[in-house]
Amino acid sequence: MRLSTILVAVPAAVALSCEPAAAQCVERCTVIHEFTGENGGDTFGWVSDDVGDLDGDQVHDLIITANQYDSGLNNVGRAYVYSGATGLLLFPPITGTLSGEQLGRDVDPAFDVNNDRQADLIVGASQNGPGRAYVFSGSDGSLLRTFTGQSTGDGFGSAVAGLDDIDGDGFADVAIGASGNDGAGNNAGRVYVYSGQNGTLICTADGVEAGNLFGNGVARIGDIDGDGKNDFAVGAQNAGGGPGRAYVFLAADCLAAAGGSVAPHFTLTPPAPASGFGLFFIDGGDMNADGTPDIYVSDFSANRAHVFDGTDGSLLETFTGTGGFGIGRFVGDVTGDGRHDLLLASWIHPGGGTQAGRADLFNGGGQQQILDTWTHDVPFAQFGFDANGMGDVNGDGKTDYLVTAANDSGGTGKAYLIAGNYPRVGDVDGDGFVTISDFLALLAQWGPCADCEDCPADFDDDCTVGISDFLALLANWG
């Protein structure tokens, strides 16, 4: 089957839509949409992402992959693109065509690769031959471009990232990791940056030495040098003798390489203990409010996540947890303090059941303050296999979140688009919890508000703090 036939019709028996439901959480939580895979063993929820507004309804849409989906051939993989507003498929699932290629090993918004004013998608399929990465139209899922690795076993497509237009030709460019490439030594790894206009090579970057697996994490981190172009970071989970490293590259240096190899701008080194630092999860966001993106790098094998200063690579903060903690993304400034916050999941956290999983929303302002928590209660679901911020999907003014549970339902997999609860109704003092201090603050404001625009305990916006506000506070206690 040719790759031009990657699009298939949706089987009549497969709804592949959302199922509005009360989430299976220990805490109070509301699911906007619940998504379920098709078959046991598909690993639906292997990876997911916010892909922006593809259908023009002003609501962010999403992609979820099932990299072990079978379609006549074993583990061809499949990717599903859903409306954030309705939870329905925007177009038929994108399905791999090569046995074992595992389409959906990684995904990312590709921005506008074909210059049609519509965001597109890049999907990695690294497990057949040299590996491949495909760019699909965000309008209808049609195949726009195929990139192929150099040699069998390269793992080309193990990580992918959209960089937007770094070369100024009006077409978005892409970065693709090949963690098994041998150019700098056996399995040293390599990353390729390509032009979206014609697929020509803009630059490459290589692992430092054999065995690094450089390219098992690749991410756009934003513009750290102020030249208006997106820079990028690459993880190498075995660099440094095993703890791992991440490397930051400037778009300007990549362009100057003119198709050749580029050196990193600086190297990110994790504090001990570390194990597999830089594998899969890397992101950019401004946590210290200095106007320059900072870099989050996961080390979930060591139950850690680190944020480094985007100006010089120094360590800003290390977040710690248990149960495979550290999987996630920056989610924007949820608290309104000018600092980007973090959603960090623990995919095998036992709090709600053996390997049920958990996700925590952390305040980027420091002190590892948890603003909200979702603890799954289905054993072995592995909720937190991936975790993303989704912007305000349900229009209530709060950031919402996409968390996958790839081993739920016997490996069929599920994903939950969860309504954000911060700021929580009843949280008068803004610490993320509703406690006695909030109750006392409500009593102090009891009666008509002196200023209707600045009356924190007036939860129902009637310019009076009264019994309805008191009941709302009690309903959200904790």
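The values are calculated or read from the model by the stated rules, or taken from the named source; none is laboratory data. None of these values were measured; they are calculated from a predicted model. Neighbour counts run over all protein chains shown; Cβ positions are idealised from the backbone, glycine included. The protein model used for the area step is the full one, side chains on, heavy atoms only, and it has no ligands, DNA or RNA in it. Shrake-Rupley method; radii C 1.70, N 1.55, O 1.52, S 1.80 Å.
Note the full-extension length gain between residue 368 and residue 290 as 0.36 nm times their separation in residues minus their Cα-Cα distance, in nm to one decimal. Mind dumping the intermediate values first?
Numbers: separation 78, 0.36 × 78 = 28.08 nm, distance 1.92 nm.
Length gained between residue 368 and residue 290: 26.2 nm.
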* In whole Å, what are the Cα extents of segment 303-408 along the three principal axes, biggest one first? -> 41, 34, 19
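Give me the percent of the accessible area of segment 321-478 that comes from carbon and sulfur atoms, probe 1.4 Å, all protein chains in place.
Values: 3220 of 5880 Å².
The nonpolar share, carbon plus sulfur, comes to 55 percent.
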* Using a basic spin-label model with each label point 7 Å from the Cα along Cα→Cβ, how many nm lie between residue 476 and residue 151? -> 5.8
* Structure fact -> By the Cα gyration tensor axes a ≥ b ≥ c (a/c under 1.5 gives rounded; else a/b larger than b/c gives prolate, otherwise oblate), the shape of segment 159-290 is oblate
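Based on the alpha-carbon set only, what is the convex hull volume of segment 101-161 divided per residue, in Å³? Intermediate results must be reported in sequence, preceding the final value.
On the way: hull volume 3.9 nm³, N = 61.
Per residue, the Cα convex hull of segment 101-161 comes to 63 Å³.
Determine the dipole magnitude for the chain: charges of +1 sit on the beta-carbon of Lys and Arg, -1 on that of Asp and Glu, nothing else is charged, the reference point is the Cα centre, and the result goes in debye to the nearest 20. Please report the intermediate quantities before stating the final value.
Working: 18 positive and 64 negative charges, 440 e Å.
With only Lys, Arg, Asp and Glu charged at Cβ, the dipole is about 2120 debye.
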* Relative contact order %, segment 319-419, counting alpha carbon pairs below 8 Å whose residues are six or more apart -> 21
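Explain nothing, just the number: relative contact order of the chain, from Cα pairs under 8 Å at least 6 residues apart, as a whole percent.
On the way: 1573 pairs, mean separation 50.9, N = 478.
Computed value for the chain: 11 percent relative contact order.
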* **Karplus-derived HN-Hα couplings along segment 266-283 (A = 6.51, B = -1.76, C = 1.60, θ = phi - 60°), whole Hz, x at Gly and Pro** => 7, 10, 9, 10, x, x, 6, x, 8, 6, x, 4, x, 7, 6, 9, 9, 7
* Asked: Which of the peptides 73-85, 108-120 is most tightly packed, and how do the rest follow, going by the mean number of other Cβ atoms within 10 Å of each residue?
  -> 73-85, 108-120
* Asked: What per residue convex hull volume, in Å³, do the alpha-carbon atoms of segment 164-237 yield?
  -> 76
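Could you check how many percent of all C-alpha pairs in the chain are farther apart than 33 Å?
On the way: 39684 of 114003 pairs.
Value for the chain (Cα pairs over 33 Å): 35 percent.
Just by accessible area at a 1.4 angstrom probe, what is the order of 349, 60 from largest to smallest?
Details: 349 25, 60 75 Å².
Sorted by accessible area, descending: 60, 349.
How much accessible area per residue does segment 257-360 have, in Å², with a 1.4 Å probe?
On the way: 3410 Å² over 104 residues.
Ligands and nucleic acids excluded, the figure is 33 Å² per residue.
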* Structure fact -> About its Cα centre, segment 155-211 carries a charge dipole, from +1 on Lys and Arg Cβ atoms and -1 on Asp and Glu Cβ atoms, whose size in debye to the nearest 20 is 200
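Per the helix-only calculation at 222 nm, which mean residue ellipticity applies to the chain, given -39500 (n - 2.57) for every DSSP H run of n ≥ 4 and division by its residues, nearest 500 deg cm²/dmol?
Working: 4 runs with 29 residues, N = 478.
That comes out to -1500 deg cm²/dmol.
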* Set the Förster radius R0 to 25 Å, insert the Cβ-Cβ distance between residue 27 and residue 451 as r into 1/(1 + (r/R0)^6), and round the FRET efficiency to 0.05. => 0.15
* With a 10 Å radius around each residue's Cβ, average the other Cβ atoms per peptide and rank 128-139, 308-319, highest first. => 128-139, 308-319
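Starting from the exponent 0.38 and prefactor 2.2 Å, build the expected Rg for segment 218-377 from its residue count and divide its actual Cα Rg by it. Intermediate values should be presented prior to the final figure.
Numbers: Rg = 15.8 Å, N = 160, 2.2 N^0.38 = 15.1 Å.
Output field value: 1.04.
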